[in-house]
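Worksheet: one structure, shown below.
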Amino acid sequence: MTDMTDRARPGVARNDGATAPASPPAQWDREADVVVIGAGATGMTAAIVAREAGLRVLLVEQENDIGGHAITSGGNVPLGGGTRAQTQHGIADSPDLLFRDLTDWSVVEPNGFPDYRYNDREIVRAFADCNVETFDWLVAHGVKFVDQAPDARGGNAVGNSAPREMHCAVSHWPMVQTGRPADPAEQATRSSGNGLMRPLEAAARQVGVEILLRHRMVAIHREAPHAGRVLGIAVEHDGARLAIRARRAVVIGTGGSTGNVNFRRIADPRLTEEYCGLAGMPWSDQDASGELAAMAIGASLWGTYNQVGEFGYSVTKPAAIGCQYGYQNLRWYPGSAVFDRARSIGLPVRDWQDVITVNMLGQRFYDETGPAFTTNNYRSIDPYTQGDYRNARDVKFRPNNWLNAAMAGIGDGHNGGGPIWAIFDADAVRREAWVPEPPHVDYAAGFCFRAGTVAELAETIAMRFQRVKMPPGNLVRTVERYNGFVDSGVDEDFGKPAPRFRIATPPFYAAWATPVIHDTRMGLRIDAHCQVVDLSGAIIPGLYCGGESAGGFSQHGLARAICQGYLAARHITAPA
Ligand SMILES: Cc1cc2nc3c(=O)[nH]c(=O)nc-3n(C[C@H](O)[C@H](O)[C@H](O)COP(=O)(O)OP(=O)(O)OC[C@H]3O[C@@H](n4cnc5c(N)ncnc54)[C@H](O)[C@@H]3O)c2cc1C
């Protein structure tokens, strides 16, 4: 993922970035009133709002297509505060209730981590106050929500007091995951980011937003390196560098930083290179380019705790194995425009009793059926009283999870836990009805291995992140010991509930089952209008940011990105 060879490829994480300020150019190649970076949830929204207010807008996107993570998403949009959808279904909510939910210090997860305690009040207040109009704005711009009451499905750090989750109907556009439209019978009822981003793209093109694909922002120009207005950006396109002037504002909607190994390790040193299975990749990357370019001209980071808080989907247990991209809610199929980079669909794990998971040394480390991080949502705490310390008392403390055990490593001083392999046999393949052949698994790139004996399997495992060889004797002993637990019905090592299946029938498999990284919840410091703030607390004139590249707000996903794109453009277009 961070190989030098990957650097030139779109959609692949890069460790380079605009870390030094670029001098303003002597002349500009293009110009607009507003230059928006990133055609995802934040950027597309900001671009439409600014254009509809009469400004000339250029939207630059580094990938071959628009959409960002938003188009790969489940399309579950938590907009509350008293939307029309909530009112129609008799759900009581208000901006104040939403604000207090999302700043409720007393809410903690079963592992003790607080979801909302470190949210920036100014940022969350602005969000809560604009949910209702943002919902109406989406509907007015062609987004069709599934016709049902708001619920809690897909919600993640969206507050306990009211159901707020709306679902974008996938509609008729080809899905990025398959290259085909969804089954007509599902088009009005299935939720998908397709149903969010394609209507917004159509609206943007209709009102005259100019979208420049395969244009990668590499620097932001300011009058002086750390002073004055932001003037525009530098982009790379087909090997050439262009300077684009922004007469009024630049909006950063670059989607976060978890694809950049050095950057993500600011928050969590464990997240080394082997965590290459990022959700939303390879459709688009979260390469920290927006953060780095803004920091190069003085911007501050903000709310960094939210990135390491062990809640939500910031790191997830893989749900598909034997492939690089095993995120629980996203599979890539051969018809997808990015399947050449995804390379395999993965084997979905229905029952973790069918495999054992081992580290690089071939040793088990945790109960395979163990959970990942949890998340807060409507009725996660029940009974719940906003702001009451007894909320924490009513949460059943469950501190442990499979993820932290997987990332603990092998004790060799390396920060990352290394590859995790799911080990299984031919009987498991039958039980799960897997087809362990390409395109379901990725033998070619080293994300799946097969052998006639357990010892040979360990010998066979070789790939770029397996930094020590797996001792065959270790894996043989691990499997023998586990088979003994199956016979006795008791997992003496990790307490897996009644281990059910021996691993004894060849061929044997080792399938990539390493934790997956997902959300970015730390980013640039912004104010209520999404203006970027510098290290001294001063606004950087003309620079805005929203979504996963913005910090100070621990909430998964689309709602904060759309609202912040909306807020940024509203401020840019407001009369002086
Ligand atoms: C599989 C998956 C499922 C999800 N499901 C949900 C869900 O159901 N509900 C929910 O609320 N959230 C969900 N999310 C999260 C949600 O999609 C994101 O939080 C949201 O899209 C973030 O919006 P954004 O504008 O910050 O970034 P994005 O939507 O990712 O857009 C960023 C864009 O910027 C572009 N870009 C980056 N750097 C540059 C550069 N230097 N130059 C030019 N362009 C650049 C990227 O290519 C990308 O197109 C999901 C995410 C994934 C991956």
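Points worth noting:
- Surrounding net charge for residue 61, when Lys and Arg each add one and Asp and Glu each subtract one, Cβ distance under 15 Å: -3
- The mean of 1/r over all pairs of different alpha-carbon atoms in the range 431-576, once inverted, gives a Kirkwood hydrodynamic radius of 20.2 Å.
- Over 15 Å [Cα-Cα, the range 52-144], rounded percent: 73
- Debye log10 I(q)/I(0) at q = 0.05, 0.08, 0.09 Å⁻¹ for the chain, Cα point scatterers: -0.21, -0.53, -0.68
- Axial C-alpha extent at least 20 Å, average Kyte-Doolittle at least 0.0 - helices from the chain (DSSP): 121-140, 558-573
- Debye-sum result for the range 169-297 in log10 I(q)/I(0), which assumes one identical scatterer on each alpha carbon, at q = 0.18 Å⁻¹: -1.15
- For the range 279-332 and the range 487-562, distance of Cα centres in Å: 6
- What separates the Cα centres of the range 42-65 and the range 377-433 is a distance of 39 Å.
- A simple count of charges around residue 205, restricted to other residues whose Cβ falls under 14 Å of its Cβ and scoring Lys, Arg +1 and Asp, Glu -1, yields -3.
- Ranked packing of 428-434, 358-364, most packed first, by mean Cβ within 10 Å: 358-364, 428-434
- Using distinct alpha-carbon pairs, which all enter the 1/r mean, Kirkwood radius of the range 279-421 in Å: 18.4
- Global size of the range 293-366 as Cα Rg and Dmax, reported in angstrom: 17.6, 52
- All lysines inside 25 Å of residue 496 as judged from Cα atoms, apart from same-chain residues fewer than 8 positions distant: 317, 396
- Cα-based Kirkwood hydrodynamic radius, the range 99-251, one decimal, Å: 19.3
Since every read-out is calculated from the coordinates, none of them should be taken as a lab result. Everything quoted here is computed from the prediction, not taken from an experiment. Please note: Cβ atoms are built from the backbone with ideal geometry, for glycine as well, and neighbour counts cover all protein chains shown.
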